[in-house]
Amino acid sequence: MPTIVVDVMPKPELLDPQGKAVSGAFARLGVEGFSDVRIGKRFELTVEGEVTDEILAEARRIADEVLSNSVIEDVVGIEVAE
């Protein structure tokens with residue numbers, strides 16, 4: 001069965017405390033080469049049957065209205081993973 005993957009990230013202008021904590025841990029562990037960390041959410045929606053334009057449109061609606069908080073988050077990706 002196909003899966004639709006939805007990625008949600010905090011808006012760029014907002015602080016990301018989890019990302020800051022991971023970034024600080026990198027520094028303490030001696031991990032170099034990364035200047036920033038942002039942490040988001042990934043949702044996997046399993047589709048029964050074929051992924052049609054209507055199903056993708058419904059996934060977009062659900063992502064915007066249910067899976068993300070439009071005040072503080074952006075839906076940054078919706079893709080079909082076979």
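For the range 13-54, how many residues are of a type in the set (A, V, I, L, M, F, W, C), open to solvent by 70 Å² or more (accessible area, probe 1.4 Å), modelled with pLDDT of 95 or more and assigned to a loop (DSSP other than H, G, I, E, B)?
Let us first name the residues in the range 13-54 that are of a type in the set (A, V, I, L, M, F, W, C), namely 14-15, 21-22, 25-27, 29, 31, 34, 37, 39, 43, 45, 47, 51.
Within this subset, residues satisfying the condition of being open to solvent by 70 Å² or more (accessible area, probe 1.4 Å) are 15, 27, 29, 34.
Checking the rest, the ones that are also modelled with pLDDT of 95 or more come to 29.
Add one more test, that the residue is assigned to a loop (DSSP other than H, G, I, E, B), and what stays is none.
Result for the range 13-54: 0.
Of all residues in the range 63-79, which are in contact (Cβ under 8 Å) with a residue 40 or more places away in the chain and farther than 9 Å from V6 by Cα? Full working, then the answer.
Of the range 63-79, the ones in contact (Cβ under 8 Å) with a residue 40 or more places away in the chain are 63, 67-68, 72-79.
Matches in the range 63-79: S68, I72, E73, D74.
Counting only residues that are touching a residue at least 24 places away in the same chain (Cβ under 8 Å) and not acidic (D, E), how many does the range 50-61 have? Working first, answer last.
Taking the range 50-61 as the starting set, the residues that turn out to be touching a residue at least 24 places away in the same chain (Cβ under 8 Å) are 50-51, 55-56, 59.
In the following step, the residues that additionally are not acidic (D, E) were identified as 51, 55-56, 59.
Total meeting the criteria: 4.
With respect to the stated conditions, V71 fails to be part of a loop (DSSP other than H, G, I, E, B) and surrounded by 14 or more Cβ atoms within 10 Å (Cβ to Cβ).
List the residue pairs whose Cβ atoms are under 6 Å apart, where the first residue sits in the range 23-46 and is under 17 Å from A59 (Cβ atoms) and free of Cβ contacts under 8 Å to residues at least 60 places away in the same chain, the second is open to solvent by 100 Å² or more (accessible area, probe 1.4 Å) and in a loop (DSSP other than H, G, I, E, B), and the two are 6 or more positions apart or on different chains. Final answer for the pair search is T46/M1.
The values are calculated or read from the model by the stated rules, or taken from the named source; none is laboratory data. What you see is a predicted model, and the numbers here were worked out from it, not measured in a lab. Reconstructed Cβ throughout: ideal geometry from the backbone, glycine too, with neighbour counts over all protein chains shown. In case anyone asks, the SASA skips ligands and DNA or RNA and just uses the protein heavy atoms, side chains included. Shrake-Rupley method; radii C 1.70, N 1.55, O 1.52, S 1.80 Å.
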